[in-house]
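Everything below concerns the one structure shown next.
The values are calculated or read from the model by the stated rules, or taken from the named source; none is laboratory data. Predicted, not measured: the structure shown is a model, and the values here were computed from it. Cβ sites come from the backbone with ideal geometry, for glycine too, and all protein chains shown count toward neighbours.
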Amino acid sequence: MRTVHPEPLTFEAFAPFGTYSSLTNPSGARIGAPPIEFYRDAGQLELMGRNPSFSSCRVERRDFIIDVLEYHSQTGEGILPLDVDVLLQVIPASAGDAPDLEQLRVFRVPRGTFVAIRPGIWHHGPFAFEGVAHVLIVLPERTYKNDCVVVPLGPDQRVGIEV
């Protein structure tokens with residue numbers, strides 16, 4: 001089985017897949033001063049004019065093996081690990097329903113960091129780096145039913161994450 005190593009999350013490395021911003025250690029434009037500071041417009045997510053739906057994803061620690069991928073054609077997806085760091089696998093959008101596994105990258109996303117994945121980017125549920133991760137997922141309502149292509153990987157296609 002081929003393996004990949006997680007990369008630190010940097011703006012340059014993650015740019016082909018989307019954007020991110022730290023919500024627990026914010027910087028940038030600010031309104032107010034202590035005790036109340038409002039960091040405005042910390043990130044944007046392409047939802048193609050549809051109403052956002054906020055979902056909770058509970059991710060238990062499991063083997064670091066990528067065995068399934070998915071994408072959404074019509075919308076981006078927001079991912080916010082709340083309590084522990086997660087490992088997030090991404091692959092650039094492809095012309096069909098087959099991901100180019102040679103382009104697979106894995107990023108360590110610090111807790112409290114909101115990641116906005118662009119439409120078409122291959123991904124799947126993150127991996128809890130330790131313990132159990134509670135992850136906020138932002139998608140238009142019922143995207144999992146109306147705009148989600150899920151592709152299981154065969155045993156010879158699976159990729160291990162080496163930490």
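Taken over the range 95-107, the criterion of being touching a strand residue (DSSP E or B) at 6+ places or on another chain (Cβ under 9 Å), without any contact (Cβ under 8 Å) to a residue 24 or more places away in the chain and in a loop (DSSP other than H, G, I, E, B) is satisfied by Asp100 alone. Of all residues in the range 152-163, those being touching a Pro at 6+ places or on another chain (Cβ under 7 Å) and part of a strand (DSSP E or B) number 1.
Each residue in the range 121-143 was checked for being closer than 23 Å to Ala93 by Cα, surrounded by 15 or more Cβ atoms within 10 Å (Cβ to Cβ), out of contact with any Leu (no Cβ under 6 Å at 6 or more places or on another chain) and not β-branched (Val, Ile, Thr), and 3 pass. Counted as qualifying within the range 34-75 are the strands (runs of 3 or more DSSP E) with 3 or more residues that are surrounded by fewer than 16 Cβ atoms within 10 Å (Cβ to Cβ) and touching a residue at least 60 places away in the same chain (Cβ under 8 Å), namely 52-60.
Ser53 meets all of the listed conditions (1) at pLDDT below 95; (2) out of contact with any helix residue (DSSP H, G or I) (no Cβ under 9 Å at 6 or more places or on another chain); (3) polar (S, T, N, Q) but one, namely (2). Here Val138 qualifies as over 24 Å from Asp63 (Cα atoms), at pLDDT 95 or above and not in a loop (DSSP other than H, G, I, E, B). Does Thr19 qualify as being in contact with a Phe, Trp or Tyr (Cβ under 8 Å, 6 or more places away or on another chain) and among the hydroxyl-bearing types (Ser, Thr, Tyr)? The answer is yes for Thr19. Scan Pro155, Pro110 and give me the residue that is without any contact (Cβ under 8 Å) to a residue 12 or more places away in the chain and either of a type in the set (Val, Ile, Thr) or over 23 Å from Arg50 (Cβ atoms) (or both). The match here is Pro155.
Checked against the criteria, Asp41 does not count as closer than 30 Å to Gly154 by Cα and out of contact with any strand residue (DSSP E or B) (no Cβ under 6 Å at 6 or more places or on another chain).
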